[in-house]
Amino acid sequence: MDQTTEPDSAPATSRTRAAAFAVHIFTAMGAGIALLAMLEAVREHWANMFGWLGVALIIDAIDGPLARRLDVVRLQPNWSGEVLDLVVDFVTYVFVPAYAITASGILLPVAAPLLGIGIVVSGALYFADRRMKASDNHFRGFPALWNAVAFYLFLLHLPPVLSSLGIAILIALTFAPFHVLHPIRVVRLRWLTLWLMAIGAVLAIYTLACDFNVGAPVVAGLCAIAAYVIGSDAVIRQIKSFRA
């Protein structure tokens, strides 16, 4: 939840304060959604787990604009929307997906516990890093999007040795000096990014409805969108440096 105070603020009333606090409750509901996702994960209902994590993503996308519109920072100064958002994001983006990655059998059995610990430890450090975002709103390093990583591992059905190697590399890349696209806040090519995110959402919903039994075109489309998010900034920087 990214909250800012409007310069021309309306007088605070009990109604506006209640509406502002309701935004905090809405954000905190993401933690409840995470619990539902974990319960599905424990039952090995993986598609249902990802469905609930998708609901958490929707909450995460909506609460920030709501907070800004209702001037939550000014009306509820004793409650930190930023801290609340980080707490909820950690369980939905990192902790629940880490359990799924570790317990689902997609990693080498001997490596799974260690890699699971690596995911949650590196994710916790990343969320505490004040340099998480660059000045142009790109993420610095791999942005602890372990929910997306888990989704792609279930989608691609890689051999456990490759999945384990991929997880180890991503843990290391959490602290690497490269930029990853923020799908909402990066201004450059935002129109293209939003269209690709919409297409990706439709493909992801279809994939979950089919319990990951989808054809090559769907897999290729989802992988292309992931490549755009991860690599577009590096490609654009390379093109600019070549032209210079």
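For the chain, the convex hull spanned by the alpha carbon atoms encloses 145 Å³ per residue. Using a cutoff of 8 angstrom between alpha carbon atoms and counting only pairs six or more residues apart, the relative contact order for the chain works out to 19 percent.
Around the Cα centre of the stretch 41-154, unit charges on the Cβ atoms of Lys, Arg, Asp and Glu (plus for the first two, minus for the last two) sum to a dipole of about 140 debye. Mean sequence separation of contacting Cα pairs (under 8 Å, at least six apart), scaled by the length of the stretch 122-178, corresponds to a relative contact order of 49 percent. Net charge near Ala12: determine it from the other residues with C-beta under 12 Å of the C-beta of Ala12, scoring Lys and Arg +1 and Asp and Glu -1. Value of the local net charge: +2.
How long are the semi-axes of the equivalent ellipsoid of the stretch 114-180, taking √(5λ) for every eigenvalue λ of the Cα gyration tensor, in whole Å from largest down?
Details: eigenvalues 102, 33, 19 Å².
Working from the Cα gyration tensor, I get semi-axes of 23, 13, 10 Å.
If I compute solvent accessible area with a 1.4 Å probe over the protein chains, what percent of it on the stretch 94-244 is carbon and sulfur? That share works out to 74 percent.
So, counting K/R as plus one and D/E as minus one, what does the shell of residues with Cβ under 15 Å around Met197 add up to?
Working: positive: Arg185, Arg188, Arg190; negative: Asp60.
Neighbourhood net charge equals +2.
I'd like the FRET efficiency for Asp129 and Leu39, computed as 1/(1 + (r/R0)^6) with the beta carbon distance as r and R0 of 25 Å, rounded to 0.05. Once the sixth-power term is evaluated, E becomes 0.25. Coupling constants for the stretch 187-202 follow from the phi torsions by the Karplus curve (6.51 cos²θ - 1.76 cosθ + 1.60, θ = phi - 60°), and in residue order they are 6, 4, 6, 4, 4, 5, 4, 5, 5, 5, 5, 5, 5, x, 5, 5 Hz; glycine and proline get x.
Rounded to the nearest 10 degrees, what's the angle between the helix 112-128 long axis and the longest principal axis of the chain, both from Cα atoms, 0 to 90? That works out to roughly 30 degrees. The modelled label-to-label distance for the pair Asp136/Val202, using points 7 Å beyond Cα in the direction of Cβ, is 2.9 nm. For the chain, the solvent-accessible area with a 1.4 angstrom probe is 55 square angstrom per residue. Accessible surface comparison of Trp195, Trp79, probe 1.4 Å, protein chains only, largest first: the order is Trp195, Trp79.
The values are calculated or read from the model by the stated rules, or taken from the named source; none is laboratory data. Being a predicted model, the structure only gives us computed values, none of them experimental. Heads up, the Cβs are rebuilt from the backbone with ideal geometry, glycines too, and the neighbour counts pull from every protein chain shown. All accessible areas refer to the heavy atoms of the entire protein, side chains included, with ligands and DNA or RNA removed. Shrake-Rupley method; radii C 1.70, N 1.55, O 1.52, S 1.80 Å.
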